[in-house]
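All of the numbers you see were taken from the coordinates with simple rules; none came from a lab. This one's a predicted model, so the numbers in the text were calculated from it and none came from an experiment. Ideal geometry is used to build each Cβ from the backbone, glycine not excepted, and the neighbour counts take in all protein chains shown.
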Amino acid sequence: MKSREDLSVKHIADRVKLNNGVEMPWLGLGVWKAEDGQEVASAVKSAIELGYRSIDTAAVYKNEAGVGQGIAESGIAREELFVTTKVWNSDQGYESTLQAFEESRNKLGLDYIDLYLIHWPVKGKYIDTWRALEKLYSDGRVRAIGVSNFHIHHLNDILESGSVVPVVNQVEYHPLLAQRELLAFCKSHQIVMEAWSPLMQGKLFEDPTLNDIAAKYGKSVSQVILRWDLQHGVITIPKSVNRERIAQNGDIFDFELSVEDMQRIDAMNKDQRVGPDPDHINF
């Protein structure tokens, strides 16, 4: 059954209340691999013009300055936007994370960041990195803190050692990697899951089940997948620099997938990743 919360996602401006009371848009623009400068700035401006209010970047994407340019040129009030960035693995640790945060904030040209994430659970470092995030949060330099690519055991380490519960866990999530145990764990701890690579980098566009469902609703496969995310209570941040695709990805609020079609998509799960397993990273 779909929850009342899931059914309430009716508009591109709709937000989910995080566990610290901050509200985050259900849909955002991802900018991984978007080139710094005009390409990413134009994508950000297009997304904002089309109604998006959430932008997700990271230090390692090397396009924070372009994202900041797009925000500055959008003409939208800063408080209407929700900006996420992430500390990269080589910068993890307490003092180095504090320094990396300031570098990201300066590149973005912002007084504060809405959401700051640990990008990957680097063994032996992510506990100290989380302490730094808690410091940034308590100092008011970031409105919310969370993690990315954390398995349940990584989250348990943070819950046991820290004093702040992450608001978000951003992970690879798509119909072939439904992460049911992780999603249930996050929901039980009031941690909202967020999907990166929700479209599996285009690898699902020819799937017959998804194409059949898309035809039924008069939607694209990408729109069906993104709607599936939302109806599972998962924030989604599809990446594109193409204005038409950005618009199409945002056009997912005028239909709902039936319980039967949700179950058909759920049944596609194969625990198949396009990215690395967070337990086996060497970068």
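Ranked by the mean number of other Cβ atoms within 10 Å of their residues, highest first, the peptides 40-48, 235-243, 205-213, 123-131 come out as 40-48, 235-243, 123-131, 205-213.
Taken over segment 1-154, the convex hull of the Cα atoms encloses 121 Å³ per residue. Between the listed residues Ile152, Gly51, Val122, the Cα displaced farthest toward the positive end of the dipole of the chain, a dipole computed from Cβ unit charges relative to the Cα centre, is found at Gly51.
Given a 10 angstrom Cα cut-off, can you work out which residue in Asp111, Asp266, Asp251 is the most mobile in a GNM of the chain? Result for the chain, Cα springs under 10 Å: Asp111 fluctuates most. Between the helical axis of 64-74 and the longest alpha-carbon principal axis of the chain there is an angle of about 70 degrees. Going 7 Å from the Cα of Lys203 along its beta-carbon direction, which residues of segment 257-283 have the amide nitrogen within less than 19 Å of the resulting point? From segment 257-283, the list is 265-282. Rounded to the nearest 20, the size of the Cβ-charge dipole of segment 1-80 about its Cα centre is 320 debye, with Lys and Arg at +1 and Asp and Glu at -1.
Summary of the geometry: segment 231-269 and segment 149-217, compared by the centres of their Cα atoms, lie 13 Å apart.
Considering only beta bridges that DSSP places wholly inside segment 1-125, some 25 percent are antiparallel. The 3J(HN,Hα) values that the Karplus relation (6.51, -1.76, 1.60; θ = phi - 60°) gives for segment 145-155 are, in residue order, 10, x, 9, 9, 6, 9, 6, 4, 5, 5, 4 Hz. Gly and Pro appear as x. Can you tell me the 0 to 90 degree angle between the C-alpha axis of helix 221-231 and the longest principal axis of the chain, rounded to 10? The helix 221-231 is inclined about 70 degrees to the chain.
Applying 1/(1 + (r/R0)^6) with r as the Cβ-Cβ distance of Trp32 and Arg141 and R0 = 25 angstrom yields a FRET efficiency of 0.55.
Label positions at Ala267 and Arg180, each projected 7 Å from the Cα along the C-beta direction, are separated by 1.3 nm. The 3J(HN,Hα) values that the Karplus relation (6.51, -1.76, 1.60; θ = phi - 60°) gives for segment 92-97 are, in residue order, 6, x, 5, 5, 5, 5 Hz. Gly and Pro appear as x.
Structure note, pairs Lys33/Lys107; Lys123/Lys270; Lys10/Lys219; Lys135/Lys187: Cα-Cα distances above 20 angstrom occur for Lys123/Lys270; Lys135/Lys187. The charge dipole of the chain, taken about its Cα centre with unit charges on the Cβ of Lys, Arg, Asp and Glu (plus for the first two, minus for the last two), comes to roughly 100 debye.
Evaluating 6.51 cos²θ - 1.76 cosθ + 1.60 at θ = phi - 60° for every residue in segment 29-37, the Karplus couplings come out as 9, x, 10, 4, 6, 6, 5, 4, x Hz, glycine and proline recorded as x.
Extending 7 Å from Cα along the Cβ direction at Phe255 and again at Lys17 yields two label points whose distance is 3.2 nm. By the helix-only formula, in which each DSSP H run with n ≥ 4 contributes -39500 (n - 2.57) and the sum is divided by residues, the chain has a 222 nm mean residue ellipticity of -11500 deg cm²/dmol. How high is the FRET efficiency from Ala215 to Glu79, r the C-beta distance, R0 30 Å, rounded to 0.05? The value I calculate is 0.15.
Residues whose amide H lies under 5 Å from that of Ser54, counting only those 5 or more places away or on a different chain, are Leu29, Phe82; hydrogens are built 1.01 Å from N in the peptide plane. Projecting the Cα atoms of Gln248, Ala267, Asn282 onto the charge dipole of segment 243-283, computed from C-beta unit charges around the Cα centre, puts Asn282 farthest toward the positive end. Between Asn242 and Ser90, the C-beta separation translates, for a Förster distance of 30 Å, into a calculated FRET efficiency of about 0.45.
Build a GNM of the chain with springs between Cα atoms under 10 Å apart, and of Leu133, Leu108, Leu81 the one that fluctuates most is Leu81.
Exposure proxy ranking for Ile152, Ile55, Ile265, based on other Cβ atoms within 10 angstrom of each Cβ and starting from the fewest, stands as Ile152, Ile265, Ile55. What angle do you read, to the nearest 10 degrees and between 0 and 90, between the alpha-carbon axis of helix 126-138 and the longest principal axis of the chain? The angle comes out at about 80 degrees.
Annotation: amide H-H contacts under 5 Å for Val16 (H modelled 1.01 Å from N, sequence separation of 5 or more, or interchain): Met24, Trp26.
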